Structure formats: C-alpha cells, structure tokens
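Here the structure is laid out as structure tokens; the discussion comes afterwards.
The values are calculated or read from the model by the stated rules, or taken from the named source; none is laboratory data. All values derive from a computational prediction rather than experimental measurement. A quick note on method: Cβ atoms are made from the backbone with ideal geometry, for glycine too, and the neighbour counts reach across all protein chains shown. Note: accessible area is taken over every heavy atom of the protein model, side chains too, but ligands, DNA and RNA are not part of it. Shrake-Rupley method; radii C 1.70, N 1.55, O 1.52, S 1.80 Å.
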Amino acid sequence: MAAEQTDFSQGSVWRNILRLAVPMTAAQLINVLYSVVDRVYIGHIPGAASNALTGVGVTFPILSIVIAFANLFGMGGAPIFSIERGRGETEKAAHAMGNTFSMLTASGILLTVVILIFRRPLLYLFGASDATFPYADSYLTIYLCGSVFVMLSLGMNQFINAQGFGRKGMLTVLLGAVINLLLDPLFIFVLKLGVQGAALATVLSQMVSASWAVFFLTRRAPIRLTLENLRIRWRLVGRIMGLGLSGFIMSVTNSGVQIVCNATLQAWGGDLYVGVMTILNSLREVASAPISGLTGAAQPVLGFNYGAGAYRRVRAGIRFMTILCVSYTMVIWACLLLFPQPFIQIFNSGDDALLQAAVPSLHIYFFGFFMMSLQMSGQSAAVGLGKSRQAVFFSLLRKAFIVIPLTLILPHLWGLGVNGVFLAEPISNFIGGAACYLTMLLTIWRELKQDRIPSSL
C-alpha cells in the first residue's frame, strides 16, 4: 500500500478529508439504505402498509441500542488507533483494533440473548399496539439473530477508513446494500414473507458486509487484525469505551428519544402519528448520513495530525469540516421545506391521512436543521482529538436533557398536542448545536495555536 494513502500529515488537509469523505459519505448513505429500503418496501405492502410501517418504526429504539454498542467500541477504538498510528506506535494501534473486535463480538451475542427474552414487554413499552405488535415482533426477532454481523460491519469498518482506505470502507457497505436491495422485493413480495422477509434480507446482507470487513483487515490492511491482538487488555478497553462513550450515548439517548416520542404520540395521536414519526426519522437518517460521512472522515485526519503534533493542520481540518456541514444542511432544509410531499410519499403513497398529518409535522421537525451540524462538527473534533468528556457531555445535553423533557412537557402547553413532540427536535438543535460548538471554540480551538508534540492521553 502506498504511504501517501495513509499518511495524513502530507498534502492538503481538506484534500485528505475529502479523499476519505467522498467514499465514506457514500458508505453512510448506502448503510442507511439497509433500514430505509426495508421501510420503503414495507410501506407498500398491500392491505397492511400503515400498520406494518408503524410496527417496524416501534423497533427503532432497540435497533438504536444495537448501533450504540457498535459505536461504543468502533468509534472508541478508531480514534485511539489513529492517534497511535500518528505517533508511530503501530503495535498499540493493532491492539486497539483487536480489542475492539473482541468486544463487538461479545457484546453482540449478549445483546441478542437479552433483548430476545424481553422483546414483548419492550415493544409495548416503546409504543406498539395490538394492531402493530405482530409486525414489530416478526421484524425484530429475525433482525436480532444477525445483530453480531451488524455490529462487526459498523464497528470494524472504522479501522478500514482510519487507515486511509475510504473506497474499501465504502465497499463494505455497498456489498451488503446491493444484496439487501435485491433480496427485499424477492422476500417481501415474491415469497410473501412480509416484514419477516425484510428482516431476513437485512441480516443476510449485513453478514456479507461483516465478512468483507474482517477479510480486508486480516489479509489486506497495512495494520492487520490478528489473533494475538484479540486478547482483552482491560486498561485499553477502558480507553476505548471512554472515547466511544459519546457515540454510545448519542445512540442510546436517540433510542430514549424514540421511546418517549412513540409513547407520547401513541397517547396523543395514536398509530397514525407513530407512523408519521417513522417517516420523519427515516428522512432524518438519510439527510444526516452525509454529515456523518464527512465528520467521520475528518476524525482520522484530525487524530493523526494531533498525534503528530501538527496542530495548525488540525485547526484547518475543523474549519473545513464545519463550513461544509453547515452548507449542506442549509440546502437540505430548503429542499424539505419547499417539497415535503414527494419525500413523504417515498415511504407511503396510498394513505391520505398519513400524508396530511406528515407535511406540517415535517415542517416543524426539520426547522433549523443546519444547527444540528454544529453539534456534530464540535463533537467530532472532540472525539478525533481524544477529548472524551466534552464529547460525552454534549451527547447527553441535546437528547437527554433537552429533547426528552420537552417531548413530555410541550404537548400539554398552549394546546400543542402532537406538534409539541415534533417541536422538541428543532429547539434542541439550536440550544445543543450552539452550546457544543462554542465550547469547542473556547477550549479545543484555543489549545491548537502552535504546532507541538502533545503529551500522552
């Protein structure tokens, strides 16, 4: 492998970020297709579209918990890997990768067992009704059987990208997404498996993605995954979890928000508005994927240069990441504001009541969408540089301390009802985004004035 492919201290910072960002953004979009394509097909099942779509939406909090553990270890191990690689500590970088693999596998198996045992009360708690539970239960049971593959695919792909192979990382999710896209209509409509077919297609496609990621890291990568490095080093695991905690909390609190939103909407608007939230969450996932791709691409570049003591390059990377994220989200906000109906009809075109309820809800939910990009930029800068406490705090602030309380309180005020649930999101974007980015400027940014060799983490 050519040295310039993995040495982020050489060449333009913004070119290094874009070289990773283009394939990583494509990978993020493709990865979102795993679940979004399922919902598109499920939303068009004859005679059961609305209940089936709402039932699958009820499973979102549990799927977010699975992703949370993938983030805990994958997003925690990759920054350590990048920083140690920047310092020239190849062996320590390899240990971080191996321990991440071990923890992803162990936690994936444990999660599968625990959630399968308690899935029925959990689904009713998260907003299922008697009409939607059968669909939620069918989808979740099969999905959980492949949760280890989901976690390995998401978590270990971080180490492919961290070594500078963004196109190979994109291939990880592209393989699975293409298979999922082909299998979904076959299983759902031809074999008439319904939501079970959608879940089965996802599991098989994630199995392929995980296999490719492990193959590349064990056979092709410059720093390889070996059996020796799988042995757990608990101190290292503690560092990995410390850095991954922000991504973990973001996913867990996102799960908490989904639980509270679904339960509140079920109480104030019934299955119709739980279905609306399923569509809005799907649109947000797609719209946020490029931001995740860009900020994810910036992290290894920032971490490598931070480890090498090239602080001015770190500042340039943060500046470029922020400008691009804000510009993109402004464009997306305008598109959703001006043309809401075509986006909603992707997921359900035959239910007029759902469409009429979704349009005003979308306008509220996505108001000021660009402010979310400020939090993701500030938080990514903190994670990339190993500042775990700051990243964790702002993960908690927006979702746990702002969105959840507002979701519970606003429906009771000024006759807002279900609109209060959707209003909680933009309020949290403005408060959380501004607070996170200003804090980053007042702390991390000030520490990066001159190039120097940083002290050990």
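Among the helices (runs of 4 or more DSSP H) confined to segment 102-219, the ones with at least 1 residues that are in contact (Cβ under 8 Å) with a residue 24 or more places away in the chain, basic (Lys, Arg) and more than 22 Å from residue 42 (Cβ to Cβ) are located at 166-185. Out of segment 355-405, which residues are among the aromatic types (Phe, Trp, Tyr) and touching a residue at least 24 places away in the same chain (Cβ under 8 Å)? Matches in segment 355-405: 365, 366, 367, 369, 370, 394. The single residue among 242, 247 that is assigned to a helix (DSSP H, G or I), touching a Gly at 6+ places or on another chain (Cβ under 8 Å) and either modelled with pLDDT of 90 or more or under 30 Å from residue 137 (Cα atoms) (or both) turns out to be 247. Applying the condition of being of a type in the set (Val, Ile, Thr) and within 20 Å of the chain's Cα centre (by Cα) to segment 116-160 and asking which residue is nearest to residue 175 (Cα to Cα) yields 150.
Residue by residue, here is whether (1) among the polar types (S, T, N, Q); (2) out of contact with any Gly (no Cβ under 6 Å at 6 or more places or on another chain); (3) open to solvent by 20 Å² or more (accessible area, probe 1.4 Å) holds:
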{"residue": "85", "(1), (2), (3)": "no, yes, yes"}
{"residue": "96", "(1), (2), (3)": "no, no, no"}
{"residue": "106", "(1), (2), (3)": "no, yes, yes"}
{"residue": "109", "(1), (2), (3)": "no, yes, yes"}
{"residue": "114", "(1), (2), (3)": "no, yes, yes"}
{"residue": "121", "(1), (2), (3)": "no, yes, yes"}
{"residue": "131", "(1), (2), (3)": "no, yes, yes"}
{"residue": "139", "(1), (2), (3)": "no, yes, no"}
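Any residue that is more than 20 Å from the chain's Cα centre (by Cα), open to solvent by 40 Å² or more (accessible area, probe 1.4 Å) and closer than 19 Å to residue 140 by Cβ - is there at least one of those in segment 185-197? Yes, there is a match, as at least one residue in segment 185-197 is more than 20 Å from the chain's Cα centre (by Cα), open to solvent by 40 Å² or more (accessible area, probe 1.4 Å) and closer than 19 Å to residue 140 by Cβ.
Restricting attention to segment 221-235, the residues that are farther than 16 Å from residue 154 by Cβ and open to solvent by less than 20 Å² (accessible area, probe 1.4 Å) add up to 3. Can you name every residue in segment 379-420 that is within 21 Å of residue 273 (Cα to Cα) and under 22 Å from the mean Cα position of the chain (by Cα)? Those that are within 21 Å of residue 273 (Cα to Cα) and under 22 Å from the mean Cα position of the chain (by Cα): 399, 403, 404, 407.
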